[in-house]
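Trainee: I have a structure here, written as structure tokens, and I will follow up with some questions on it.
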Amino acid sequence: MNYSTIMTAVPSARLARTTPWRAFLQTCALAGTSLILASRLAAAEPAVASTPSDIWETFKTRRSVRNFKPDPVPEADLRRILDAARSAPTSGNQQPWKFLVVRDPAKIAALKEANVQRLLSQSDPQKTLSEEEKNKREIVIRSHLAGYFSAPVYIVILTDNHSDYPDYNHWDGPMAAGYLMLAARALGYGTVFITDGIPDAVTRKILNIPDRYTRVCITPLGVPVQWPQPPAKKPLEDFIAWETL
Ligand SMILES: Cc1cc2nc3c(=O)[nH]c(=O)nc-3n(C[C@H](O)[C@H](O)[C@H](O)COP(=O)(O)O)c2cc1C
């Protein structure tokens, strides 16, 4: 099951299956669902602390963030976060990662532009739309992508195919991503583990990532406009099997 399949569970993605807007709506479905959930819960829930008081609060309040303030992230904070990421366990201690940090606004703008053009052409595969209809779609696409591309920093988490045990990279990569996201949360920054939302091919082309590296994900990193309330989570008991399945 890939991420697109998972997203067919939400209503807007179901709609997406039947229209040429599929890829675009898949990208937006999660963000939209989170926004709706967040706005419903906002009235009932207290505001989330910007900096957690301990590790337990860090786990509990880490959220996928898709809307950021423009505030810059000091390099010292970035280094602290990346240092935490590299403390993750790896197979045979091989540490196969590369963290590509992108802060150049021109590169971030190019990433956004490539995504806009990708979604535009996917929304009109037969090229039958009028100029007016294309312009309307472009406005919608740009506004949906605005939050995704509002962060001051993007980190592409990569693994090196030339590592000691490349067959184990697919385990080692996400370990670092998890650590990175928690470390960012501990310092008050939001992240989101993006896969299909900003496809591998787009990051590879725009950021000139050599074939030698496999992308785990790309995450924006910055101060959230607002900490989202948690999406519905399954109860703990659903996951635990004491002694036997
Ligand atoms: C493997 C994986 C792929 C994901 N891909 C995307 C993505 O492409 N776009 C996106 O906005 N979020 C993506 N997410 C974030 C999830 O949507 C998010 O973690 C989930 O909805 C739960 O919300 P939470 O992180 O706030 O607990 C991905 C997360 C994981 C673990």
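Since every read-out is calculated from the coordinates, none of them should be taken as a lab result. The structure presented is a predicted model; accordingly, all values stated were derived computationally and were not measured.
Trainee: Filter the cross-link list LYS69/LYS234; LYS134/LYS234; LYS107/LYS134 down to pairs whose alpha-carbon distance in this structure exceeds 32 Å. All intermediate terms of the calculation are to be shown ahead of the outcome.
Mentor: Numbers: LYS69/LYS234 30 Å; LYS134/LYS234 41 Å; LYS107/LYS134 25 Å.
Beyond 32 Å between Cα atoms: LYS134/LYS234.
Trainee: Multiplying the sequence separation of SER130 and LYS98 by 0.36 nm and subtracting their Cα-Cα distance, what value in nm do you get?
Mentor: Details: separation 32, 0.36 × 32 = 11.52 nm, distance 4.37 nm.
Additional length available on full extension: 7.1 nm.
Trainee: Continuing with the same structure: For the range 50-199, report the translational diffusion coefficient in µm²/s to the nearest whole number, using Stokes-Einstein at 20 °C, 1.002 mPa s, and a Kirkwood Rh over Cα pairs. Numbers along the way, then the final one.
Mentor: Values: Rh = 17.3 Å.
It diffuses with D of about 124 µm²/s by this estimate.
Trainee: Under 16 Å from the Cα of LYS127, which aspartates and glutamates turn up, not counting those fewer than eight places away in the same chain?
Mentor: GLU138
Trainee: Roughly speaking, what is the stretch gain from ASP200 to ASP164, that is 0.36 nm per residue apart minus the C-alpha to C-alpha distance, in nm to one decimal? Mind dumping the intermediate values first?
Mentor: Working: separation 36, 0.36 × 36 = 12.96 nm, distance 2.33 nm.
Answer, rounded to one decimal: 10.6 nm.
Trainee: Check cross-link reach from LYS233 to the lysines: straight Cα distance under 16 Å, and skip same-chain residues fewer than eight apart.
Mentor: Within the straight-line cut-off, LYS233 pairs with LYS60.
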